[in-house]
Every structure is written in structure tokens, then in C-alpha cells.
1. Could we say that Ala122 is touching a Pro at 6+ places or on another chain (Cβ under 9 Å) and either over 21 Å from Ala315 (Cα atoms) or modelled with pLDDT of 95 or more (or both) here?
2. Of all residues in the range 26-51 being more than 24 Å from Gln251 (Cβ to Cβ) and polar (S, T, N, Q), which is surrounded by the fewest Cβ atoms within 10 Å (Cβ to Cβ)?
3. Quick one: how many residues across the range 3-13 are among the hydrophobic types (A, V, I, L, M, F, W, C) and open to solvent by 20 Å² or more (accessible area, probe 1.4 Å)?
4. If Thr255 meets every condition in (1) among the polar types (S, T, N, Q); (2) more than 30 Å from Ala31 (Cα to Cα); (3) free of Cβ contacts under 8 Å to residues at least 12 places away in the same chain apart from one, which number is that one?
5. Could you check Ala187 against (1) closer than 30 Å to Asp169 by Cβ; (2) assigned to a loop (DSSP other than H, G, I, E, B); (3) within 14 Å of ligand 2 (Cβ to nearest atom) and say which number it fails?
6. Look through the range 161-183, keep the residues that are open to solvent by less than 30 Å² (accessible area, probe 1.4 Å) and not in a loop (DSSP other than H, G, I, E, B), and return whichever of them is farthest from ligand 2 (Cβ to nearest atom).
7. Among the residues of the range 265-307, which ones are open to solvent by 70 Å² or more (accessible area, probe 1.4 Å) and within 30 Å of Asp242 (Cβ to Cβ)?
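The values are calculated or read from the model by the stated rules, or taken from the named source; none is laboratory data. Being a predicted model, the structure only gives us computed values, none of them experimental. So basically every Cβ, Gly included, is an ideal-geometry build from the backbone, and we count neighbours across all protein chains shown. When the accessible area is computed, the model is the full protein with side chains, heavy atoms only, and any ligands, DNA or RNA have been set aside. Shrake-Rupley method; radii C 1.70, N 1.55, O 1.52, S 1.80 Å.
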Amino acid sequence: MTAQRVLTGITTTGTPHLGNYVGAIRPAIRAAATRPDSESYFFLADYHGIIKCRDPQQIHESTRAIAATWLACGLDPERTVFYRQSDIPEILELNWILSCMTAKGLMNRAHAYKSAVDNNLAAGNDADYQVDMGLYSYPVLMTADILMFNAHSVPVGRDQIQHIEMAQDIAQRFNHHYGETFVLPQAEVDENVQLLVGLDGRKMSKSYGNTIALFQTPKQRQKAVNKILTNMKEPGEPKGTDESPLFAIYQAFATPAETAAFADALAQGLAWGEAKKMLSAKIGEELDPFTEKYEHLLAHPQQIEDILQAGAAKARVQARALLDKARYAVGIRAL
Ligand code: ADP
Ligand code: TRP
């Protein structure tokens with residue numbers, strides 16, 4: 001039997017935040033550590049980064065910060081394949097082959113593109129105003145990332161499920177036409193983790209500038225947590241778990257028993273200010289032990305670079321073999 005392959009990536013824009021951690025980094029590292037029969041592929045999606053961000057300095061710094069985050073949070077580069085998307089040119093070749101197998105109508109339905117169109121129409125603009133081909137074809141590149149390594153399982157936050165379904169669709173279409181070539185991937189979403197909401201009430205996202213960073217001093221973290229939206233209820237007034245996004249964030253870091261106790265305390269009138277102190281401490285319990293390693297790596301980028309180069313060398317062996325198979329399947333062969 002072939003090993004189960006787990007694969008996930010993070011776009012290299014901005015500083016990694018709590019959502020990235022609970023939605024992708026933590027489940028991926030746990031899966032790698034607890035399933036000895038699995039093979040893990042974790043990567044920095046920098047070609048996806050340049051879709052959303054046109055600031056070269058930010059792409060560069062974010063790549064370093066996200067790599068340092070993975071490593072500080074426990075990724076073991078000996079036991080996993082850890083690489084930068086742009087170091088694997090085979091992914092871009094596969095991207096083209098898959099583009100030729102992707103229905104335009106499928107891309108029209110992608111959330112990111114659809115919401116750009118909706119916003120344009122609401123503002124009275126042309127539907128495709130400021131939409132570039134990178135944004136439009138984003139799900140095909142993501143499909144290439146996944147199919148390139150025949151991943152079975154893709155740990156992601158809920159917002160990415162549609163993209164994994166598109167990858168299944170495209171793989172199925174290819175296999176149907178050219179014969180069995182790609183594994184059909186499954187999204188793996190942590191049941192206990194909601195899509196975390198950011199400081200402005202929208203999804204916590206690097207693109208919205210509404211995030212709580214993973215690594216900061218307790219004081220900085222408390223300051224960020226204090227900005228989470230709540231209502232005007234006074235201390236002593238009963239509060240529901242759905243009255244502030246802080247409950248879902250607490251849940252993402254606590255055991256079920258701690259979560260139940262927190263819900264109980266809110267129902268008994270716990271003050272929002274106290275709840276925020278408890279939340280900040282809970283996050284710190286999990287993340288503070290990783291901070292020193294994170295800071296060390298940030299200060300020694302060559303160490304990260306060496307790890308990424310070694311990862312790319314491992315990844316490219318796999319990628320080459322599958323790309324050759326796909327090229328052969330479509331008729332691109334030596335004469
Ligand atoms: P961002 O929206 O901040 O740019 P990415 O698109 O790079 O984040 O997402 C990387 C991973 O982190 C994905 O698996 C995504 O589902 C997960 N993720 C991002 N934001 C959140 C969130 N608010 N809650 C849970 N998971 C999230
Ligand atoms: N699109 C993902 C995101 O923004 C990042 C990503 C790129 C990804 N390629 C991937 C995630 C492949 C999982 C698998 O969250």
C-alpha cells in the first residue's frame with residue numbers, strides 16, 4: 001500500500017496569524033507527527049503570494065516569517081518535505097497542462113473571483129475591473145500544487161474547501177480523459193475549529209489586516225486580543241458564546257472541558273475584560289514555548305534557506321516523475 005500523503009501550503013503575504021495556525025499549521029504538523037504511515041508535504045505558496053500582493057519586500061519577508069513559523073511550531077524537516085513552491089518549476093508546467101483540462105465555467109464559480117465580480121458590480125464597475133488572470137486561475141495553480149505530489153489529504157481552513165473540490169474535479173476530468181494519473185485529494189478540516197473571525201468581524205486574514213499575530217510578547221498579544229469585538233454587556237450579565245468571536249478563538253486553543261467551563265463562566269456573567277485576559281493567556285500557553293525558536297530562525301535566514309533547498313531537492317524528484325507521466329499521458333513525448 002502507498003503511504004497516505006498529507007499536503008498543505010500557506011500563501012506568503014503578511015505575518016502568519018492565529019487562523020493560519022489553527023486552520024493549517026497545527027493540524028498539518030499533528031498529522032505528520034501522529035501518523036507514522038503518512039508522508040507530509042508542506043510548502044510556502046509564494047506564486048500564490050504575488051497574486052494578492054505586489055510589494056516585493058513584503059513577499060520576501062513574509063516567506064521568511066512563514067517558513068520560520070512552520071519550523072518553530074515543530075515541523076521536522078527530516079521527516080517531512082518542506083519547500084518553497086517557486087523552487088519546484090515542475091508545478092508550473094503541470095499548471096499549464098491542468099489549465100487545458102479546466103472548464104472556464106468552473107473558475108467562474110470560485111469564491112475569490114466571484115466576490116471580486118460582486119464587489120465590482122455593486123460599485124457600478126465593469127464585472128472584471130482589476131481582476132487579473134492570476135486571481136482568475138488561482139484554483140488551477142492550487143490544483144497543480146496538490147496533484148503534483150499525489151496528495152490524499154489536504155489540511156486547510158474551511159475557506160479552502162471549494163478549492164480542494166475543484167482540484168478533485170480537475171483530477172477526475174484528466175483521469176477520465178487520459179487514464180488514471182492523479183490521486184483525488186480530500187480536504188481535511190478540523191471539526192473543533194471554526195474559521196476564526198478577525199478584529200473587524202470579517203474572516204481573520206492577512207489580506208484584511210485584521211489578524212492577531214502568532215508570535216508576540218504577552219503584552220502585545222493582550223493588546224491585540226483586547227480589540228476583539230464584543231457587545232456592551234456589563235460584568236455580571238449573562239453572555240452567550242455567539243456574542244463575540246473570542247469564544248471561537250478560545251475553543252481553538254482549549255480542551256473541550258476548558259471550553260465548556262469558559263462557556264459556563266460567560267453564562268454566569270464573566271466580564272468581557274476577564275474573558276479577554278483568559279483568552280490571551282490560553283493562546284500564550286500554546287505559542288509562547290515556540291517563540292524563542294521563531295526569533296532565532298528569523299535572525300538566521302540562511303538556516304531556513306538551507307532547509308528549503310534540501311526540501312526542494314527531495315520534492316523535485318517526486319515532481320519530475322509525476323510530471324513525466326502527465327506529459328506522456330497528454331502526448332508530449334520524445335520522438
Ligand atoms: P490568509 O487569508 O490570511 O491570507 P491563507 O490564505 O494563506 O491565509 O491561508 C493559509 C491557511 O490558513 C489555509 O488553510 C486557510 O484555510 C487557513 N486560514 C486562513 N485564515 C483562517 C481563519 N481565519 N481561520 C481558520 N483558518 C484559516
Ligand atoms: N490557497 C491557499 C490559501 O490561500 C494556500 C495554498 C496554495 C494551498 N496552494 C495550496 C493550500 C495547496 C493547500 C494546498 O489558503
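1. no
2. The qualifying residue surrounded by the fewest Cβ atoms within 10 Å (Cβ to Cβ) is Ser38.
3. To start, the set of residues in the range 3-13 that are among the hydrophobic types (A, V, I, L, M, F, W, C) comprises 3, 6-7, 10.
Add one more test, that the residue is open to solvent by 20 Å² or more (accessible area, probe 1.4 Å), and what stays is 3.
Number of matching residues: 1.
4. It fails just one condition, (2).
5. (2)
6. For the range 161-183, the residue satisfying everything is Asn175.
7. Gln268, Glu274, Lys277, Met278, Glu285
Residues are listed down the side, and each one gets a yes or a no for (1) in a loop (DSSP other than H, G, I, E, B); (2) of a type in the set (A, V, I, L, M, F, W, C); (3) in the same structural domain as Asp190 (by the TED database):
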residue: Lys239; (1), (2), (3): yes, no, no
residue: Glu243; (1), (2), (3): yes, no, no
residue: Phe247; (1), (2), (3): no, yes, no
residue: Ala257; (1), (2), (3): no, yes, no
residue: Ala261; (1), (2), (3): no, yes, no
residue: Ala265; (1), (2), (3): no, yes, no
residue: Gly269; (1), (2), (3): yes, no, no
residue: Lys276; (1), (2), (3): no, no, no
